[in-house]
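Following: one structure in C-alpha cells, then a few remarks.
The values are calculated or read from the model by the stated rules, or taken from the named source; none is laboratory data. This is a predicted model, so every value here is computed, not measured. Neighbour counts are summed over all protein chains in view; Cβ atoms, including those assigned to glycine, are modelled from backbone coordinates with ideal geometry. Note: accessible area is taken over every heavy atom of the protein model, side chains too, but ligands, DNA and RNA are not part of it. Shrake-Rupley method; radii C 1.70, N 1.55, O 1.52, S 1.80 Å.
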Amino acid sequence: MQALIEAQGLNLHYGRKQALDDLSFAVQPGRVVGLLGHNGAGKTTLMKALVGLHAAQGRLSVLGRDPFHDRVALLEDLAYIPDVAILPRWATVSQLITLMSGLHPKFSADRARALIRRTSVGLGDPVKNLSKGMVVQVHLALVAAIDARLMVLDEPTLGLDVLSRKAFYEMLIDEWCDGQRSVLISTHQVEEIETLLSDVLMLNEGRLVLSLSLEDIDRRFVALGHDPAAADAMAAAHPLLRYRVQGGSAALFDGAPPPEVAALGQRLRPSLVDLFVALTRRPEINRTQEG
Amino acid sequence: MQPWHQQLPIYQQLADQLAARLLDGELTEGEPMPSVRNLASRYLLNPLTVSRALQALDEDGLLEHRRGLGLYVRPGARDRLRQAARQRFLADEWPALRARLQRLGISEHDLDWTL
C-alpha cells in the first residue's frame with residue numbers, strides 16, 4: 001500500500017518565523033488522522049502546504065503529487081474544507097450542487113443529494129436560512145460527494161454545539177471512512193475526536209512532537225492510577241505528567257516505569273488529552289526524549 | 001459524547017456493551033450483527049476499534065461468519081454469556097459479598113427475596 005501523504009524534512013518560514021520545523025510523517029490509506037496542536041502551532045499552515053496553498057521546503061508528496069506545483073490535478077483527488085470555509089449565503093443547497101457539478105470533475109450530484117437527505121436540510125433551502133451546524137453538514141456533504149481518496153478538514157466543528165458536532169462526525173464515519181479513504185482532521189478539541197482517530201500528529205510550535213497510531217500510543221505510554229500514599233514514589237520515577245483522575249491521582253510515563261513503581265499503581269488507558277498536555281506544555285522534556 | 005472510562009481499552013468496553021445488549025435480547029441469536037460502520041457511527045468510534053471489539057466477541061465464541069453475509073450472532077450465544085457471567089459471580093463476586101454479609105451480621109432472613 002502506498003502512503004497517501006509522505007513528508008520528509010518539511011520546513012516553512014513566514015519571514016523569520018519558522019512555522020513548520022523539519023516535519024517527517026506519512027499517512028496511509030484507510031486512516032483517520034488527528035492533527036492536534038494549540039492555536040498557532042502550525043496546523044493550518046501544514047494543511048495549506050498539503051493542499052498546495054503554501055510552498056514548503058523539503059520533500060512532500062500528496063497522492064503521489066507535489067502539491068504546490070501540481071495543485072490543480074491534486075485537487076481533483078482531494079476533498080478539502082479550509083478553516084475559513086464559507087458557502088455563498090444567497091445560494092440554495094440545490095444551486096450549490098449544480099455549481100459543484102460544473103466545478104469539480106469527480107463530484108457526484110446524486111451522491112451529494114443522497115448525503116443531504118441524511119440531514120434535516122432541504123435541497124431548496126437557501127444557505128442564509130441554515131444554522132451554523134447545518135451549513136457545516138452541507139459543506140461536508142458537498143466535499144464527501146467528491147470521489148477522492150483524501151479529505152482534509154481544518155477545524156471543521158469549531159463553534160458548533162454538541163449535537164451538530166455529533167451529526168457531523170456520524171456522517172463522516174458513515175459516508176467517508178470505507179477502509180481505503182483517509183481523512184486528516186485538525187482540532188484543538190482533543191477529547192472530542194480521540195475515539196474516532198486511528199493516528200495522531202501532534203504539533204507544538206511548528207515541531208512534530210508525536211506521530212503515532214493510537215494502538216502504538218497504548219503500547220508505548222503507560223498511565224498509572226495511584227493512591228496519595230504512592231505520590232512520592234511516582235514523582236521519583238520521573239513521569240511525563242502527573243494529573244488528577246476520578247478517585248485519585250495518576251502519572252503518565254513514556255515507556256514502562258520501573259516494576260516497583262508499576263506495582264504501586266493501577267494501569268489506566270492513557271488519554272490523548274493528558275498526552276497532549278504532557279507533550280505540548282513542557283518542550284524541555286520533548287527534547288530530552290528525542291535525544 | 002460517549003463516556004468511556006480509563007480502566008479498560010475502548011474496544012474491550014465496546015465488546016462488554018455489545019455482550020450486555022446480547023444478554024438483554026436486544027441483539028438476537030441467528031440475526032446479523034450491526035455492521036462495523038453502523039456501530040462506528042453510532043458510538044463515534046474508529047472502525048478499527050469496532051473491528052477489534054467484534055473480534056473479541058468472536059474469540060469468545062459469540063459470533064459466526066456466514067460466507068458472503070458477514071457476522072451473525074451465534075445460536076447459543078446468550079446461554080454462553082450467561083454461563084460465563086454466572087461463573088464470574090460465583091467465583092469472584094459471591095465470596096466478597098458473603099464476607100460482607102457476615103461482617104454486617106446479615107442472614108438470609110434479613111434479605112428481601114421477592115422479585
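Remarks
- For a label point 7 Å along the Cα-to-beta-carbon line of B:GLU64, residues of the stretch B:1-35 with backbone N under 14 Å: B:29-33
- Rounded tilt (10° steps) of B:94-104 against the dominant C-alpha axis of chain B: 30
- Positive-end ranking of A:LEU241, A:LEU210, A:LEU140 along the dipole of the stretch A:109-245, with charges on Cβ about the Cα centre, is headed by A:LEU140.
- Shape call, the stretch A:102-160: gyration tensor on alpha carbons, a/c limit 1.5: oblate
- Radius of gyration (Cα atoms) of the stretch A:78-188, expressed as a multiple of 2.2 N^0.38 Å: 0.97.
- Solvent-accessible area of chain A (1.4 angstrom probe, protein heavy atoms only): carbon and sulfur portion equals 50 percent.
- Chain B, relative contact order [Cα under 8 Å, separation at least 6], %: 24
- Based on C-alpha pairs under 8 angstrom that are at least 6 apart in sequence, the stretch A:129-260 has a relative contact order of 17 percent.
- Shape call, the protein assembly as shown: gyration tensor on alpha carbons, a/c limit 1.5: oblate
- Whole-Hz Karplus values for the stretch A:200-217 come out as 10, 10, 10, 10, 9, 6, x, 10, 7, 8, 7, 9, 7, 7, 4, 4, 6, 4 Hz, taken residue by residue from phi with 6.51 cos²θ - 1.76 cosθ + 1.60 and θ = phi - 60°; glycine and proline positions read x.
- Across the stretch A:126-138, rounded Karplus estimates of 3J(HN,Hα) from the backbone phi angles (6.51 cos²θ - 1.76 cosθ + 1.60, θ = phi - 60°) give x, 4, 5, 8, 8, 6, 4, x, 5, 4, 5, 4, 4 Hz, Gly and Pro being marked x.
- Between A and B, accessible area buried - total, square angstrom, nearest 100, 1.4 angstrom probe: 1800
- In the stretch A:22-136, taking the dipole from charged Cβ atoms about the Cα centre, the farthest positive-side position among A:SER101, A:THR119, A:SER61 is held by A:THR119.
- Under 5 Å, built H, 5+ apart or other chain: amide partners of A:VAL245: A:ALA250
- Beta bridge orientation in the protein assembly as shown: antiparallel %, DSSP, nearest 5: 70
- Going from the chain on its own to the full set of protein chains, the stretch A:160-194 has these residues losing 30 Å² or more of accessible surface (heavy atoms, 1.4 Å probe, no ligands, DNA or RNA): A:LYS166, A:GLU170, A:ILE173, A:ASP174, A:CYS177.
- Here the spin labels are modelled as points 7 Å beyond Cα on the Cα-Cβ line, and at B:GLN12 and A:ASP216 they lie 2.3 nm apart.
- Between A:ARG281 and B:ARG80, the C-beta separation translates, for a Förster distance of 60 Å, into a calculated FRET efficiency of about 0.80.
- Value at 222 nm in deg cm²/dmol, rounded to 500, when DSSP H runs of n ≥ 4 in the protein assembly as shown each add -39,500 (n - 2.57): -11000 deg cm²/dmol
- Here B:SER107 and A:ARG244 are evaluated by their C-beta separation; at R0 = 35 Å the FRET efficiency comes out at 0.25.
- Helix A:93-103 and the long axis of chain A differ in direction by around 90°, with both axes built from C-alpha atoms.
- Between the residues B:PRO47, B:ILE10, B:GLY61, the greatest Cα displacement towards the positive end of the dipole of the stretch B:1-72, with unit charges on the Cβ of Lys, Arg, Asp and Glu, is found for B:PRO47.
- Magnitude of the charge dipole for chain B, about its Cα centre and with charges confined to Cβ atoms of Lys, Arg (+1) and Asp, Glu (-1), is about 300 debye.
- C-alpha center-to-center spacing [the stretch A:192-238, the stretch B:1-39] in angstrom: 26
- Distance between the 7 Å Cα→Cβ label points at A:ALA114 and A:ALA235: 6.0 nm.
- Axis angle, to the nearest 10 degrees, between helix B:77-88 and the longest C-alpha principal axis of chain B: 40 degrees.
- Here, the stretch A:191-279 has an Rg and a Dmax of 13.3, 39 Å when only alpha carbons are counted.
- Kirkwood Rh in Å, taken over the stretch A:1-93 so that all alpha-carbon pairs contribute: 14.4
- The residues of chain A have, on average, 46 Å² of accessible surface per residue, using a 1.4 Å probe with all protein chains present.
- Placing one equal scatterer on every Cα of the stretch B:26-110 and applying the Debye formula, the log10 ratio I(q)/I(0) at q = 0.19, 0.21 Å⁻¹ is -0.87, -0.98.
- When only Cα pairs below 8 angstrom with a gap of at least 6 residues are kept, chain A shows a relative contact order of 20 percent.
- Phi-based couplings in Hz for the stretch A:172-177 (Karplus 6.51, -1.76, 1.60; Gly and Pro marked x): 4, 5, 5, 10, 10, 6
- Computed about its Cα centre, the charge dipole of the stretch A:64-156 is approximately 380 debye, with only Lys, Arg, Asp and Glu carrying charge at their Cβ.
- Average beta-carbon neighbours from other chains, 10 Å sphere, peptide B:35-45: 5
- Charges were assigned to the Cβ only: +1 to each Lys and Arg, -1 to each Asp and Glu. The resulting dipole of the stretch A:110-205 about its Cα centre is roughly 520 debye.
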